[in-house]
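No lab work stands behind these numbers, since they all come straight from the coordinates. Just so you know, these numbers come straight off a predicted model, no measurement behind them. Neighbour counts run over all protein chains shown; Cβ positions are idealised from the backbone, glycine included.
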Amino acid sequence: MQQSTLVRLKGNLELKNPILVVGLPGVGLVGKLVAEHLVDELGAEKVIEVYSPHFPPQVLVNKDCTVRPVSNTIYYAKAKENDILFLVGDHQSTTSQGHYELCSLYLDIAEEFGVKRIYTLGGYPTGKLTYEDTVLGVANDTKLIEEIKEYGVEFRESEPSGGIVGASGLLVAFSKMRGIDAACLMGMTPGYLMDPKSAQSLLKVLCKMFGIEVNMESLEKKAEEMESILEKLKEKEEQQTIQEAKPTEEDLRYIG
């Protein structure tokens, strides 16, 4: 397989004002959690599977002990005002070249379906073991920024300061060249572990934007489990800080 391969599972679709939502693996798995939750809750239908030599050279093992190759998938669901395409999957590219090639492929698909708006989803790493109910955004057009601000998304000057790595950033930038409005929405997350609590914050914003309601019970359960893990990490961090602050015997010898 010399290049990425598309497997089409459904024929021609006639979509109503389609939006593409991208939730690939990233920081805290925030975008992936949100997109996959919406796929489940909206009963989205699988449309396309993407296989690529830029994905890791591995297969994943199913519950019945059969295997499947790593892939990304596009699903389709109907919402109130718009039909929604979801791009979710197992991995992003393992190479810089692959990121560009795959993003070009995803934009080709978006154009084919008549997509005029793209939302990429991700996590913004804070490095702190505390939860912040904030969604940060960037976009490829200032008019779009003003529109999205109405849903409570924050836009901070020159942030993220280190830029955005991977599909979430590249798709927003290159969609501009194709006449497609795009924004990246990021839930604030410590960045160390899977973060369903941050995913909940991002999901609430998307539900407002799309005018839909979904059950968040499964995300809430995951959030409670991760909260317990984070509390243990905080305790360890505090204990370590206390230990480091205690004077050693050598320190005491030098006190005048």
Dipole magnitude of the range 1-127, debye to nearest 20 (Cβ charges: Lys/Arg +1, Asp/Glu -1, about Cα centre): 100 debye
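Looking at the chain only, what percent of DSSP beta bridges run antiparallel? Nearest 5 please.
About 55 percent, rounded to the nearest 5.
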Counting other beta carbons within 10 Å of each Cβ, put L102, L60 in order, fewest first. L60, L102
Rounded if a/c under 1.5, otherwise prolate or oblate - the range 65-220, Cα gyration tensor axes: rounded
For each pair in K176/K221; K32/K128; K46/K236, compute the distance between the two Cα atoms and list the pairs where it is over 32 Å. K176/K221; K46/K236
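Arrange the following residues from fewest to most other Cβ atoms within 10 Å of their Cβ: I148, I109.
Fewest-to-most ranking of I148, I109: I109, I148.
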Added length on full extension, which subtracts the Cα-Cα distance from 0.36 nm per residue, R8 to Y151: 48.0 nm
Please report K204, K221 as a ranked list, fewest other C-beta atoms within 10 angstrom at the top and most at the bottom. K221, K204
Compute the angle between helix 30-41 and the longest alpha-carbon principal axis of the chain, please, reported from 0 to 90 degrees and rounded to the nearest 10. 50 degrees
Backbone N under 17 Å from the E237 label point (7 Å along Cα→Cβ), restricted to the range 120-163: 124-134
Residue-averaged [θ]222 nm for the chain, counting only DSSP H segments that reach four residues, each worth -39500 (n - 2.57): -12000 deg cm²/dmol
Quick one: which residues, 5 or more positions from Y124 or on another chain, have an amide H under 5 Å from its amide H? H modelled 1.01 Å from N in the peptide plane, none for Pro or chain starts. G187, M188, T189
